[in-house]
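Enquirer: Sharing a structure with you now.
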Amino acid sequence: MIGAATRRGLLALAIPGCATAQPGMVTPPAAPGGGLHARAAAKGLAFGAATSTRQMAEPDLMAAFLADCGLLVAEYEMKWAELEPQPGNRRTRRADQLFDFARRNGMAVRGHTLLWHESEPRWLSDLSARGTAAAMAQHVDATVLCWRGQVTTWDVVNEAVAPEDGRPDFLRRTWLLNRIGPDYLPQAFHIARAADPNARLAYNDFGCEHATAWSRRRRLGVLGLLRGLRQAGAPVQVLGMQAHLQAGQPFEASEWRAFLADVAALGLTIEVTELDVNCRALPAAAGPRDAAAADLVRRFLDATLEEPAVRAVVTWGLTDRHSWIREGRLPEHRRRDTARARPLPYDDAMRRKPIWAAIAAALDAAPPRG
Ligand code: 9MR
């Protein structure tokens, strides 16, 4: 199926769940040595990417997705504000489309994300402390039950650490924390576990990867949170590391490996969940920029995949055409020149970039999992 779909030229193949081919859309030629998921699977790993119902209307993108991904993550469709814009009025149509696509194409689905301060529905702020706790419990329970048996790993809580918020435990001062207290964290894990005994349950966070004082504080916060969850008997099994890498910032393999070993020593597995590269600090010319971004990805993945507890690599999108970095919502993503961000494995025309080759080479070099 993939071989036919990946011939260069107009995409003539109907991809389930996608619009028909449009003139000018090309698909990448089959990769010698296989797609990224095949290379990952050969080592006992999974490879996948975030995508969205919007992206499913682009056949050339979905052909690459089929060729490279064994794991699908919804970029926004499974977040609380999307699922329950009005209290009690749940809508799952868009997320279900992604599940259908994954099922038809034999892909696993990561659940992203049950609780995240940036995706809380607005109506939550009208609730009392008790109402907030009840709404949280209801949301986690209903969402996990809805796709019970269909999600390999759930990001139960996303980005709960923020040392800059000034708490001694480094927890982020979110609505849930302020209303319920730190106990909202173990509660969420227990509710998710009861709703699906077989899904793996993850804590997911960003900003831990670099050899900077900022990252080091974030790592302390994450380790503290994981230890606290374990002490509370919460069923956390996976640490998701987003890996929004920053070109120009130092990366030290030994320091990063020591952190991963600390996490593994807690009995957790690790998944790379949102890999991409912010190249704002790199020159505008695409050639050198892509080479430097790929070098960072290679060094990061080589160090990461040496840790046997690491089980999956997921990129936050597949093509530069669709990336949150291009949206430029964060000041640190905005370039001083007019060059557009190039954070992902494929370029705008769905040609494989050096980042793709770096991921492929790192997967090929990874020690096999037991
Ligand atoms: O990339 C996602 C963007 O399209 C959405 O509008 C946004 C809000 O749902 O979320 C973005 O994804 C975030 C992810 O869920 C958590 N880590 C940071 C990602 C970038 O903001």
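Enquirer: Looking at the chain only, what percent of DSSP beta bridges run antiparallel? Nearest 5 please.
Expert: Details: 4 of 40 bridges.
In the chain, approximately 10 percent of DSSP beta bridges are antiparallel ones.
Enquirer: Counting each pair of different Cα atoms once, what's the Kirkwood radius of the range 33-99 in Å, rounded to one decimal?
Expert: Every distinct Cα pair counted, the radius reaches 13.2 Å.
Enquirer: Just the accessible area per residue of the range 152-229, please: how many Å² with a 1.4 Å probe?
Expert: Result: 36 Å² per residue.
Enquirer: Same structure, new question: May I ask for the Rg/Rh ratio of the range 320-364, computed from Cα atoms with Rh as the Kirkwood radius, given to two decimals?
Expert: 1.05
Enquirer: Please work out, to two decimal places, the log10 of the ratio I(q)/I(0) at q = 0.06 Å⁻¹ from a Debye calculation in which every Cα of the chain carries one identical scatterer.
Expert: -0.21
Enquirer: Now a separate question. Starting from the exponent 0.38 and prefactor 2.2 Å, build the expected Rg for the range 227-338 from its residue count and divide its actual Cα Rg by it.
Expert: For the range 227-338, the normalised Cα radius of gyration is 1.21.
Enquirer: Over the alpha-carbon set of the range 267-327, divide Rg by the Kirkwood Rh and report the Rg/Rh ratio to two decimals.
Expert: On the way: Rg = 13.4 Å, Rh = 13.0 Å.
Taking Rg over the Kirkwood Rh, I get 1.03.
Enquirer: Separate question: Sort all Cα-Cα distances of the range 57-159 into consecutive 10 angstrom bins from zero, then give the percent of pairs in each bin up to the one containing the longest distance.
Expert: Going from the shortest bin to the longest, the percentages are 14, 46, 27, 10, 2.
Enquirer: Among DSSP beta bridges whose residues both lie in the range 29-151, state the antiparallel percentage, nearest 5.
Expert: Counting only bridges with both partners in the range 29-151, antiparallel ones make up about 10 percent.
Enquirer: Also, I was wondering about something else. Quick one: divide the alpha-carbon radius of gyration of the range 147-289 by 2.2 N^0.38 Å and tell me what you get. Walk me through the numbers before you get to the answer.
Expert: Numbers: Rg = 16.3 Å, N = 143, 2.2 N^0.38 = 14.5 Å.
Here the answer is 1.13, to two decimals.
Enquirer: Mean Kyte-Doolittle of at least 0.0 and a Cα length of 20 Å or more along the axis: which whole DSSP H helices of the chain meet both?
Expert: 129-146, 286-305
Enquirer: Also, quick follow-up: If you place +1 on the Cβ of every Lys and Arg and -1 on the Cβ of every Asp and Glu, how big does the dipole about the Cα centre of the range 204-316 come out, in debye to the nearest 20?
Expert: 320 debye
Enquirer: Of all accessible surface on the range 136-256 at a 1.4 Å probe, what whole percent is carbon and sulfur?
Expert: Values: 2310 of 4480 Å².
In the range 136-256, the share of accessible area belonging to carbon and sulfur is 52 percent.
The values are calculated or read from the model by the stated rules, or taken from the named source; none is laboratory data. Everything numeric here is computed off the predicted structure, so don't read it as measured data. Virtual Cβ from ideal backbone geometry, glycine too; neighbours counted across all protein chains shown. Please note that ligands, DNA and RNA were not included when accessible areas were found on the heavy atoms of the full protein model with its side chains. Shrake-Rupley method; radii C 1.70, N 1.55, O 1.52, S 1.80 Å.
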